[in-house]
1. For the chain, give the share of DSSP beta bridges that are antiparallel, in percent and rounded to the nearest 5; count only bridges with both residues there.
2. Per residue of region 2-15, what does 6.51 cos²θ - 1.76 cosθ + 1.60 with θ = phi - 60° give for ³J(HN,Hα)? Whole Hz please, x for Gly and Pro, Karplus curve as stated.
3. Given (1) 17.7, 52; (2) 19.5, 62; (3) 13.1, 41, which label gives Rg and Dmax of the Cα atoms in Å as computed from the coordinates?
4. Peptides 83-90, 4-11: what's the order by average Cβ count within 10 Å, highest mean first?
5. At a 10 Å Cβ-Cβ cut-off, how would you order 15, 1, 24, fewest neighbours first?
6. Using +1 at the C-beta of Lys and Arg and -1 at the C-beta of Asp and Glu, which of 14, 78, 90 has the Cα lying farthest in the positive direction of the dipole of the chain?
7. Quick check for region 2-112: number of Lys pairs with alpha-carbon distance under 16 Å, counting only pairs 8 or more apart or on different chains?
8. For each of 50, 14, count neighbouring Cβ atoms within 10 Å of the residue's Cβ, then give the residues from fewest to most.
Amino acid sequence: MLKVINVVGARPNFMKVAPIVEAMKRREEQFTPLVVHTGQHYDSMMSEAFFRDLNLPEPDVYLGVGSGTHAAQTAAVMEQFEPVVMREKPDWVLVVGDVNSTLACALVCTKLG
């Protein structure tokens, strides 16, 4: 069974990840999907609406990084995401899109190997 961390952080990510997580849930003998929400888009009403409307499960991990400069936000995601990856030891990490969370989480995974 493959443990897969699916990262969401901004509006476009929710729409891209939702059908993938749903497909993984239908194949529970093959996948254990985890959802990590970085909180890059930090409006709680907006995030809740996306999870509800796209039928995404509540995030397994919420990093809550909020706003900031590109550098500060990217660094905050990296600092908070690294211990999640080290603790969960996923087989795969899926990052989508081109937002700060995407770059930050991809860098963490690359550096951790």
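Each value in this text was obtained by applying a stated rule to the coordinates, not by laboratory testing. Given the structure is predicted, the values throughout are model-derived calculations rather than measurements. In this analysis, Cβ positions are derived from the backbone assuming ideal geometry, glycine residues included, and neighbour counts consider all displayed protein chains.
1. Around 0 percent of the beta bridges assigned by DSSP in the chain are antiparallel ones.
2. Whole-Hz 3J(HN,Hα) from phi for region 2-15: 9, 8, 10, 8, 10, 9, 10, x, 9, 3, x, 5, 4, 5.
3. (3)
4. On the way: 83-90: 13.9, 4-11: 24.8.
Taking the mean over residues of other Cβ atoms within 10 Å, the ranking is 4-11, 83-90.
5. 1, 15, 24
6. It is 90, whose Cα lies furthest towards the positive end.
7. Total qualifying Lys-Lys pairs in region 2-112 comes to 4.
8. 50, 14
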